[in-house]
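Participant: Got a structure for you, questions after.
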Amino acid sequence: MSENEATTSHPESANEGGDKENEFLEPENKRRKTTPSSDKKYKLEERLGGILCCAVCLDLPKAAVYQCSNGHLMCAGCFTHLLADARSRDDTPTCPTCRVEICKTTATRNLAVENAVSELPSECQFCNKQFPRNSLERHEQEECEERVSGCKYHRIGCPWRGPFHEKTNHEQECGHPKKSGAEVMEALEILDQKVMEERKLYKAIFELLGYDKITFNDIQLKPYRSDDFVHRLLYESSRFYVSGHQWLVKAKITENQKDPTQNSERVMTYQLVLKSKVSTALSLSYIVLCGPVGDIKVQPRVYKFDFTEHENETPYETFPLIDAAECNRLLAAKTINFRLIMFWASN
Ligand SMILES: [Zn+2]
Ligand SMILES: [Zn+2]
Ligand SMILES: [Zn+2]
Ligand SMILES: [Zn+2]
């Protein structure tokens with residue numbers, strides 16, 4: 001409001017007085033800087049967000065920012081995606097805004113934008129206060145008084161979870177330390193089981209690392225709405241080539257409503273589709289990992305599928321995100337980046 005008044009009073013005061021007023025009149029270009037833009041209702045950080053966002057996915061970049069020789073910005077995920085996309089089509093990658101050719105050597109990082117973005121405010125998911133992006137992760141993991149934490153006796157079965165500022169009070173009153181050894185056995189067995197499962201997973205991964213063929217592809221999923229009767233949010237990658245075959249990844253979000261009184265839990269599932277025909281069966285194992293340009297939090301899980309002439313799609317498997325909150329975070333982003341590792345033995 002006060003800014004509003006300031007602009008309208010400018011021309012009047014200039015008209016009223018003579019030379020004396022002019023003496024204090026700022027040069028034209030400087031004055032323009034201090035007058036609010038036409039989007040007065042938007043805060044500075046929102047306007048900056050619109051300027052510093054990636055030209056492809058329109059998100060604020062979380063890691064490196066690249067620019068074409070004309071200065072159009074791209075986040076690292078979209079940049080590598082453009083390069084990979086062009087490579088798979090045997091085409092020259094171009095800037096989506098101005099069509100100038102881009103490649104790893106002509107595109108440059110833009111550190112000023114990276115630093116500016118990391119200073120923009122971002123909201124803590126627990127206390128809803130705003131923090132610079134570069135300190136948000138530390139705040140959410142180590143400092144926020146509202147962050148969800150567990151009781152230190154969780155290993156002997158205490159299921160308590162609550163805001164960090166209630167943790168000390170709870171632990172003083174927690175009944176679990178007073179339980180007998182026989183009573184805590186059950187909790188220890190569950191813990192043992194978890195460790196065994198983890199060990200099985202690592203054993204499986206180490207075995208896969210011995211396979212003849214291992215490839216990885218950095219995949220970017222883009223959302224679209226289905227044309228079905230019920231519009232659904234679906235994701236698809238562009239096609240990529242592995243061992244002479246064409247592949248793509250599809251993903252979808254399902255609402256997993258176990259208890260109608262509770263908020264539905266969102267789950268993301270994905271499938272791997274073989275677009276070309278195989279004459280002999282291809283027994284493939286695959287894992288989704290974070291990759292160098294993404295920031296998804298996954299717990300690795302190995303899936304296996306036998307592709308044949310008639311079976312060219314894996315079932316929709318759970319995209320192994322650490323929790324439902326991570327799923328919501330991905331939904332809020334415009335694209336999802338991850339690394340897909342594929343293992344198979346040659347016949
Ligand atoms: Zn982007
Ligand atoms: Zn450009
Ligand atoms: Zn917080
Ligand atoms: Zn407890």
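Participant: Just flag the trypsin sites (Lys or Arg not before Pro) in the stretch 40-125 sitting in loop per DSSP whose Cβ has no more than 14 other Cβ atoms within 10 Å. Mind dumping the intermediate values first?
Facilitator: Working: sites: Lys40, Lys41, Lys43, Arg47, Lys62, Arg87, Arg89, Arg99, Lys104, Arg109; in loops: Lys40, Lys41, Lys43, Lys62, Arg89, Arg99, Lys104.
The qualifying sites are Lys40, Lys41, Lys43, Arg89, Arg99, Lys104.
Participant: Report the full-extension gain for the segment Ala325 to Phe229: residue separation times 0.36 nm, less the Cα-Cα distance, to one decimal in nm. Can you show the working numbers first?
Facilitator: Numbers: separation 96, 0.36 × 96 = 34.56 nm, distance 2.82 nm.
That works out to 31.7 nm of additional length.
Participant: What size of dipole, in debye to the nearest 20, comes out for the chain about its Cα centre when the only charges are +1 on Lys and Arg C-beta atoms and -1 on Asp and Glu C-beta atoms?
Facilitator: On the way: 46 positive and 52 negative charges, 197 e Å.
It works out to roughly 940 debye.
Participant: Now, a different point. At a Förster radius of 25 Å, what calculated FRET efficiency corresponds to the Cβ-Cβ distance of Glu236 and Arg109, to the nearest 0.05? Could you put the intermediate results ahead of the total?
Facilitator: Details: r = 29 Å, r/R0 = 1.16.
That gives a FRET efficiency of 0.30.
Participant: Sticking with this one: Hey, what number do you get for the chain at 222 nm if only DSSP H runs of n ≥ 4 count, each worth -39500 (n - 2.57), divided across all residues, to the nearest 500?
Facilitator: Values: 10 runs with 109 residues, N = 347.
Value at 222 nm, helices only: -9500 deg cm²/dmol.
Participant: I've got another one for you. Contour minus end-to-end for Val267 and Glu119, with contour as 0.36 nm per residue of separation and end-to-end as the Cα-Cα distance? Write out the running numbers ahead of the final one.
Facilitator: Values: separation 148, 0.36 × 148 = 53.28 nm, distance 3.17 nm.
Taking Val267 through Glu119 to full extension adds about 50.1 nm, to one decimal.
Participant: Longer than 32 Å from Cα to Cα, which of Lys43/Lys222; Lys129/Lys200; Lys179/Lys297; Lys129/Lys250; Lys178/Lys297; Lys129/Lys179 are they? Say none if no pair is. Don't skip to the answer; put the middle values down first.
Facilitator: On the way: Lys43/Lys222 29 Å; Lys129/Lys200 41 Å; Lys179/Lys297 35 Å; Lys129/Lys250 36 Å; Lys178/Lys297 36 Å; Lys129/Lys179 39 Å.
From Lys43/Lys222; Lys129/Lys200; Lys179/Lys297; Lys129/Lys250; Lys178/Lys297; Lys129/Lys179, over 32 Å: Lys129/Lys200; Lys179/Lys297; Lys129/Lys250; Lys178/Lys297; Lys129/Lys179.
Participant: Oh, and also: For the chain, with the dipole built from +1 on Lys and Arg beta-carbon atoms and -1 on Asp and Glu ones, taken about the Cα centre, which of Phe307, Tyr286, Gln125 lies farthest toward the positive end?
Facilitator: Result: Phe307.
Participant: Please give the FRET efficiency for Asn134 paired with Gln246, using the beta carbon to beta carbon distance and R0 = 35 Å, rounded to the nearest 0.05. Walk me through the intermediate numbers first.
Facilitator: Values: r = 40 Å, r/R0 = 1.14.
Between Asn134 and Gln246 the formula returns 0.30.
Participant: Still on this structure, please answer the following. Using 0.36 nm per residue, how much length does the chain from Ala55 to Lys213 gain when fully extended, once their Cα-Cα distance is taken away?
Facilitator: On the way: separation 158, 0.36 × 158 = 56.88 nm, distance 3.62 nm.
Here the segment from Ala55 to Lys213 would lengthen by 53.3 nm.
Every number in this text was worked out from the coordinates using simple rules, so none of it is lab data. Computed from a predicted structure; not experimentally measured. Please note: Cβ atoms are built from the backbone with ideal geometry, for glycine as well, and neighbour counts cover all protein chains shown.
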